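Quick notes on the structure that follows.
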Amino acid sequence: MATTADRPSVSAAQKEGFERAWSQPTGFIGMLQTIDNIPIAQRYLATSFGFFLLGGLLAALMRIQLGTPDNTFLDAETYNQIFTMHGTTMMFLFVIPFIEALATYLLPLMLGTRDLPFPRLTALSYWTYLFGGLLIYSSFLFGLAPDGGWFAYVPLTNKQWSPGLNLDFWDIALSVAEIAAMGAAAEIIVSVLRTRAPGMSINRIPVFGWAMLVTAFMIIFGFTPLIVGTAMLELDRKGLTSFFVPEHGGDPLLWQHLFWVFGHPEVYIMFLPAVGILTQIVQVFSRRPVVSYTLVVLAIIATGFLSFGLWAHHMYATGISPMALGYFAAASTVIAIPTGIQVVGWVATIWSGRPLWRTPLLFGVSGLVIFVLGGITGVMVASPPFDLQAHDSYFVVAHLHYVLIGGTVFPLFAGLYYWLPKITGRMLDEQLGLWSAVAMFGGFNLAFFPMHLSGLLGMPRRVYTYPAEMGLDTYNLLSSIGAFILAGGVLLSLFNFFRSLRSGRPAGDNPWDADTLEWSASSPPPNAQYPRLPVVRDRHPLWDKHWRPERLRPEETPARDREAQEDVEQMAHWPTRWRGALVVSVTEGRPLAVVHMPRRSFAPFIMSVGFLVLFAALIVDHTTVMAVGAGIIAVALVMWFWPQDTETAAMEEMSAGPHELPLAQAGPGSNGFWGTCVFLLIMATALTTIVAGYFYLGGNVVTHLGGSPAEPIARPAVALGLLLAGGIPVWLAVRAIGGRRFGLLRLGVTATLLLGAAHLWLLIGTWARSGLAPSTDGQHSAFVGVAGFHGVLSLILLVMTAVAAIWAWARPADGRGHAAAWNAALVYGFAVVSGVIVFTVLYLVPRFGASGT
Ligand code: HEM
Ligand SMILES: [Cu+2]
């Protein structure tokens, strides 16, 4: 039995090897190779804060323009670009990336592991986000910044009414940034579910971890429809389809549905992380656990679910049916309940604790006050009769800023004041922080409260000026003054930050006497984060010394923890030739396996350069450059999946000696398997979105085509048969891995590859000859959407199966090949589901369904 008392001591050589394995590449070239979560998160935080300042700068320009009536500081077109880019920047380039940056930094530390599960994806997300942001901002250089508002409603934004490239920048560059967000979401999900400290069972995960988990799922369910929608919009703009063109049987309202299925949850995607941050802070500064962990966590989950059922409250003015109106109004009111539970929980915690009014709590509570006011106006606009009056007025601008700034910006500042000492190793100045909070709170209310009134007096949003005789002058002047005071507050905090870097008091490990694991590491934390992994025995591990000192005595350790302790001891300063981390069971947090983590790689950087080139070329329709971009991406993919030396070392070491825990490379124990599952979740969401769009546009294309009923169905039916048949060999192949029957593995994977290819070949042939005319027919566009999805999915699947086949023939015993086979099998399973759905939707429903018009 290994306990703290008789720890096997680790030799100096081993320590050195371990540090070397976790050291970061240095220099400029090294910077492009780094994939460690801490340096990447620091860049992520700085970049997204930079975008916050840019968005704020645009807001300042707007407030200068609107401060006085009939002002000519900005002309109408410039104003359009500026408000669009302000909203777009704040929503897409600041809040979401900033939250993900914080999670990228904190989750491994807080959960007690050494890095995020997919370090190269961390780097890919960052570079892709950076390039996406730069791409969209480059539009200002050409005077072509997006100008259709942050929700880009068609028909205003289709080619006819927005002929310039402005909206193409918006569509395409934003998609790049969204891809980054999805990557980060996948990291967060697998990290919270699988890579925690031993003993951190599911009911001991810090609330911030829960909040990020739910947020990450929401990003996947919310961003996917948006990416699908923007892709449709861009195809329309290129004249290839007519999803949203009414003259061709498309429907502009479909865009609004797709946008708000994303847009409303987006508000909670921004708010839930704040719930996590606030809960941590309220606990620490009230010196007690939050009143009802369970209720707060359940409320987070409930909010996540509910938020997807309310999107149409942004569409009351579009003439949706009274039934729908009633439903969405009720649902929009109901979501106030879980939010209310959280707020009451915090207030009760502060009330019954011994609150220390330090800057993090101060920012948190100021945000809460603002957020609650925004919630009240939210309940007001959830009521259709009121909304119809306030719609598209400054009342709504006031409401949305109360919610977003109170619910997100203040809590993020609270989080910065709380965690920056961990990140930089230096304390921020409390006095400056206090003044910043006061200026931000006062300035905010002065800026936005009068907007309620100017809105009710009839000031519409998105106007670049207003005439003097409307009686709006005073309110607008106050708003502008307030905005500058708010900006002053933000700059004060920025100054505080830079000052702390130079002359801040050293923070020490745990300056706030906080409860969660990240405060047990040094400030700033070492590269490997935990050379000796922690074992967790309750929800507030660092408070054991106050409450349960007996727990720190080794002889008190329960048997299950003792086992975990042994696993952890084995991994102390180990491995040394490669990077290793632990994966645990989802519910109990029991150690299951060791995983190999990549060390450094150019592939993520190169791949995002490829994205940048490809997408920039898409904006201007330059085919050669597109091909170059695609080529770069292909090179990066090969680099990414090329066998790594360190993984070979891991395989050698783990197969040589006796080890308690296996090396998980393939199958349900490995991170790759879980990552593939998240990918399939994204694909399933996309498929659902596209099929919903198909039916929204009327469905039933086959009769539309006027073909003979039998002709188009026969070939797709055979194709589906081939697809189904291909599922059997791949299933057998994966089962053969365990028994090391590699002949079967080879044959299975190869058979599946051939069957899958034949299936796709048949389908493409059918579609090519079907006479579809998507560019002039909205319903044909819908057909192409569904069919195209299945085609792309099948293509990805074929590539994956081909890789698995290459491994199976070249190195059948290699774990990396087994991972390839497992992942291909998973995707195959989903392709079968997709194939059945697509066949039913496109070919069976029109024949046998009720809708026979
Ligand atoms: C820092 C102080 C801020 C000021 C002074 C400010 C000011 C404004 C103003 C005046 C508008 C209305 C423009 C119009 O309708 O003509 C606006 C719109 C908007 N703001 Fe802010 N804002 C600030 C911060 C934020 C933040 C932090 C967020 C998000 C987290 C945000 C998100 C938005 C959005 C989404 C719109 C709608 C844009 C559109 O209509 O397309 N703002 N802001
Ligand atoms: Cu909403």
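The values are calculated or read from the model by the stated rules, or taken from the named source; none is laboratory data. Keep in mind the model is a prediction, meaning the values are calculated, not measured. We place every Cβ from the backbone using ideal geometry, glycine too, and count neighbours over all the protein chains shown. The protein model used for the area step is the full one, side chains on, heavy atoms only, and it has no ligands, DNA or RNA in it. Shrake-Rupley method; radii C 1.70, N 1.55, O 1.52, S 1.80 Å.
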Practice task
Counting only heavy atoms of the protein chains, get the accessible area per residue of the stretch 105-201 (1.4 Å probe) and round it to a whole Å² value.
Solution key: 21 Å²
Fill in the blank from the handout: Length-normalised contact order of the stretch 80-187, Cα under 8 Å, at least 6 apart, in percent, tallies to 43 percent
Exercise for the section: May I ask you to evaluate 6.51 cos²θ - 1.76 cosθ + 1.60, the Karplus curve with θ = phi - 60°, for each residue of the stretch 38-52 and list the ³J(HN,Hα) values in order in whole Hz, giving x for glycine and proline? Expected result: 5, x, 5, 5, 5, 5, 4, 4, 5, 4, 6, 5, x, 5, 4
Exercise for the section: For the stretch 802-853, take the alpha-carbon Rg, divide it by the Kirkwood Rh, and send me Rg/Rh. Expected result: 1.36
Problem - Sequence-distant residues sharing a close amide H with ARG579 (under 5 Å, placed H) - result: MET597
Problem - Farthest positive-ward along the stretch 41-149 dipole, Cα basis, beta-carbon charges - from TYR137, PRO119, PHE49 - result: PRO119
Fill in the blank from the handout: Given unit charges at Cβ for Lys, Arg (+) and Asp, Glu (-), the dipole magnitude of the stretch 106-208 about its Cα centre in debye, nearest 20, is 520 debye
Completion exercise
Farthest towards the positive end of the dipole of the chain, among GLY309, GLY699, LEU61 and with Cβ unit charges of +1 on Lys and Arg and -1 on Asp and Glu, lies the Cα of GLY309
Exercise for the section: Assign one of three labels to the stretch 1-130, namely rounded, prolate or oblate, based on the Cα gyration tensor with a ≥ b ≥ c the square roots of its eigenvalues; rounded applies when a/c is under 1.5, prolate when it is not and a/b is larger than b/c, and oblate otherwise. Expected result: prolate
Completion exercise
Computed over the stretch 544-692, the relative contact order (Cα-Cα under 8 Å, seq sep at least six) in percent reads 21 percent
Handout entry: Protection-proxy order for peptides 102-109, 40-47, each taking the mean of Cβ atoms within 10 Å per residue, highest first
Key = 102-109, 40-47
Completion exercise
In order over the stretch 176-193: 3J(HN,Hα) from phi, Karplus 6.51/-1.76/1.60, θ = phi - 60°, whole Hz, x for each Gly or Pro, gives 4, 5, 6, 4, 4, 5, 5, x, 5, 5, 4, 4, 5, 4, 5, 5, 5, 6
Practice task
Whenever you get a sec, line up GLU556, GLU178 from highest to lowest accessible area (probe 1.4 Å, protein heavy atoms).
Solution key: GLU556, GLU178
Handout entry: Mean-position separation - Cα centroids, the stretch 440-513 and the stretch 583-640, in angstrom
Key = 39 Å
Exercise for the section: Would you work out if the chain is rounded, prolate or oblate? Take a ≥ b ≥ c from the square roots of the eigenvalues of the alpha-carbon gyration tensor; rounded if a/c is under 1.5, else prolate when a/b is larger than b/c, oblate otherwise. Expected result: oblate
Practice task
Would you mind getting the accessible area per residue of the stretch 492-618, heavy atoms of the protein chains only, 1.4 Å probe, in Å²?
Solution key: 42 Å²
Fill in the blank from the handout: Given a 1.4 Å probe, the accessible area of the stretch 41-85 per residue, as a whole number of Å², is 37 Å²
Problem - Net lengthening on full extension, SER321/PHE498 (0.36 nm per residue, minus Cα-Cα) - result: 58.3 nm
Fill in the blank from the handout: Which residues qualify? For ARG461, with a placed amide H closer than 5 Å and at least 5 residues away or on another chain, they are SER393, TYR394
Practice task
Starting from the Cα of LYS238, draw a straight line to each of the lysines and keep only those under 21 Å, dropping any in the same chain fewer than 8 residues away.
Solution key: LYS159
Exercise for the section: Could you tell me what percent of the accessible area of the chain is made up of carbon and sulfur, with a 1.4 Å probe and every protein chain present? Expected result: 70 percent
Fill in the blank from the handout: In order over the stretch 830-838: 3J(HN,Hα) from phi, Karplus 6.51/-1.76/1.60, θ = phi - 60°, whole Hz, x for each Gly or Pro, gives 5, 4, 5, 4, 4, x, 5, 4, 5
Fill in the blank from the handout: Quick note, the stretch 361-512: a/c under 1.5 would make it rounded; otherwise a/b > b/c is prolate and the rest oblate (a ≥ b ≥ c, C-alpha gyration tensor); here it is prolate
Practice task
Only Cα pairs under 8 Å and at least 6 apart count here; give the relative contact order of the chain as a rounded whole percent.
Solution key: 16 percent
Problem - Distant-in-sequence amide H partners of LEU592 (H built 1.01 Å from N, under 5 Å) - result: VAL583, VAL584, SER585
